[in-house]
Amino acid sequence: MSLSGSVTAHVVLGLLASGARHGYEIKREHDERLPQAKPLAFGQVYATLARLARDGLVESAGEVKGGGPTATAYELTDDGRVALERWLGDVEPPAPQSTSMLLAKVVVALLVADGDRAQKFLVAQRHAHTARLRELTAAKLDPDASLGDVIAADFAIAHLDADLRWLQASLDRVTERKVVS
Amino acid sequence: MTALLSARGVVKSYGRIQALRGVTLAIEAGEIVAVTGPSGCGKSTLLHCLSAILRPDAGETSYRGERLDERSEAERSKLRRSEFGVLFQFGQLVAELTAAENVALPLLLAGTKRSEARTAALAWLERLGVAELADSTPGEMSGGEQQRTALARALVTEPRVLFADEPTGALDTLAGEQVLGHIVRLAREQETTVVLVTHDARVAGYADREIALRDGTLDPTGLGIAV
């Protein structure tokens, strides 16, 4: 199946990587770990879980009974782990719209793996961003570039530059944390 | 193939501060290379060692396969005048001289006749789009115009290597772009190698590749590192 572009589905897979959870726990952890993201609606959590279950990426881990009504807990299947691994390994196309995906991927990498995984992703993503920034700069220098081309390139470069600052700061933080711990 | 410029295990300290801790790299002829990293990482010191302004405390620097660090001050000075051009962030033009006189200065120091030096200076000011300012002094120019004049002066001797240390650091975005655009265009036309020191990813975007420094060494997570 293809989950391309679905941040929420992959974040749910990431939250389930450390053990079974029911919908409410997934919503709570999502909102805590991605405070910049829009809070998940319960309906969205259950719809996502249903879709992931239909696609064989999660399965029921039985009923759990907390203070409230009984709820179904879900856990990752082997296919779900493969899908999560693949997503974490993919470099995002450098584009302004990829920012929230970048954040989600770093947070999930830190959640399901160690600093090494996050560091590898950050370094690879920085390479991709820098290469794209170089392409856009070359496009601006093209004597045939129109004003519209240059302004569009400026827009993309400004966003890439902001992403690069964040990628570098995150890389520094992850590296520093690894050295300390 | 011998690199045009290279460093091997270069160490440089200022008192107890170790600015470079064993840097090894190679730069090929015609490349535009950005040396990047945060403030204090040693990138300007590296540029000064590669351009023979500073002599390393340890390690080797070479230009066209010959050791730079073993040459006398007089030899290094001659090399800087004939083979290397240097562009700093600001404050490099002589305030009392006109743009044309500033640009002609390196040629006059090399013994070129005054009339020939002025002709060459005017041609370079023309190429950089500031010909109309030939008889203006730096105080009468904008920051971008001053920097284009300084670039003309760095290139008037047709150096093989241009060293540029944060050349747009004091300029606004568009003036900085003009200077960088000229550097790239002229470097391609003249087949000049460029070593561009910057902390700005957007400036590094003008380079063919990047050498990242951190704490005086090559950044192991950096980009395009040549060792």
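The values are calculated or read from the model by the stated rules, or taken from the named source; none is laboratory data. Just so you know, these numbers come straight off a predicted model, no measurement behind them. Here Cβ is always computed from backbone atoms with ideal geometry, including for glycine, and neighbour counts include all displayed protein chains.
A few comments on the model shown:
- Any hit, segment B:111-121, residues being part of a helix (DSSP H, G or I), among the small types (Gly, Ala, Ser), loosely packed, with under 15 Cβ neighbours inside 10 Å and within 14 Å of chain A (Cβ to nearest Cβ): no
- Options B:THR137, B:THR157, B:THR221: the member that is touching a residue at least 60 places away in the same chain (Cβ under 8 Å) and among the polar types (S, T, N, Q): B:THR157
- Of the candidates A:ASP149, A:ASP161, A:ASP154, the single residue that is under 21 Å from the mean Cα position of the chain (by Cα) and of a type in the set (Asp, Glu) is A:ASP161.
- Qualifying residue in segment A:98-109 (condition: under 12 Å from A:ALA17 (Cβ atoms), free of Cβ contacts under 8 Å to residues at least 60 places away in the same chain and either hydrophobic (A, V, I, L, M, F, W, C) or in contact with a Cys (Cβ under 7 Å, 6 or more places away or on another chain) (or both)): yes
- Of the set (1) within 14 Å of chain B (Cβ to nearest Cβ); (2) crowded, with 17+ Cβ neighbours inside 10 Å; (3) part of a helix (DSSP H, G or I); (4) not acidic (Asp, Glu), all apply to A:ALA162 but (2).
- Positions within segment A:131-157 being aliphatic (A, V, I, L, M), assigned to a helix (DSSP H, G or I) and surrounded by 13 or more Cβ atoms within 10 Å (Cβ to Cβ), in sequence order: A:ALA131, A:LEU133, A:LEU136, A:ALA138, A:ALA139, A:LEU141, A:VAL150, A:ALA152, A:ALA153, A:ALA156, A:ILE157
- Of note, B:LEU133 does not satisfy the criterion of being farther than 16 Å from B:PRO167 by Cβ and touching a strand residue (DSSP E or B) at 6+ places or on another chain (Cβ under 7 Å).
- Among the residues making up segment B:204-222, those that are at the interface with another protein chain (Cβ under 9 Å from one of its Cβ atoms) and either in contact with a helix residue (DSSP H, G or I) (Cβ under 7 Å, 6 or more places away or on another chain) or of a type in the set (Phe, Trp, Tyr) (or both) are B:GLY205, B:TYR206, B:GLU210, B:THR221.
- Top-ranked residue of segment A:15-29 - restricted to ones that are part of a helix (DSSP H, G or I) and within 17 Å of A:LEU110 (Cα to Cα), ranked as nearest to the chain's Cα centre (by Cα): A:LEU15
- In segment A:116-153, of all residues being more than 10 Å from chain B (Cβ to nearest Cβ) and of a type in the set (D, E, K, R), the one that is farthest from A:PRO93 (Cα to Cα) corresponds to A:ASP144.
- If the condition is being in contact with an Asp or Glu (Cβ under 7 Å, 6 or more places away or on another chain) and surrounded by fewer than 20 Cβ atoms within 10 Å (Cβ to Cβ), then segment B:45-68 contributes B:ARG55, B:GLU60, B:ARG67.
- Boolean, B:LEU162 is facing another protein chain (nearest Cβ under 9 Å) and modelled with pLDDT of 95 or more: no
- Every pair of residues 6+ apart whose Cβ atoms lie under 6 Å, when the first sits in segment A:70-86 and is part of a helix (DSSP H, G or I) while the second is of a type in the set (A, V, I, L, M): A:ASP79/A:LEU57; A:GLY80/A:LEU13; A:GLY80/A:LEU57; A:GLY80/A:VAL58; A:ALA83/A:LEU57; A:LEU84/A:LEU13
- Selection count, segment A:32-55, where residues are assigned to a helix (DSSP H, G or I), free of Cβ contacts under 8 Å to residues at least 60 places away in the same chain and either touching a helix residue (DSSP H, G or I) at 6+ places or on another chain (Cβ under 6 Å) or not polar (S, T, N, Q) (or both): 13
- In segment A:107-140, the residues that are among the polar types (S, T, N, Q) and farther than 11 Å from A:VAL174 by Cα: A:GLN125, A:THR130, A:THR137
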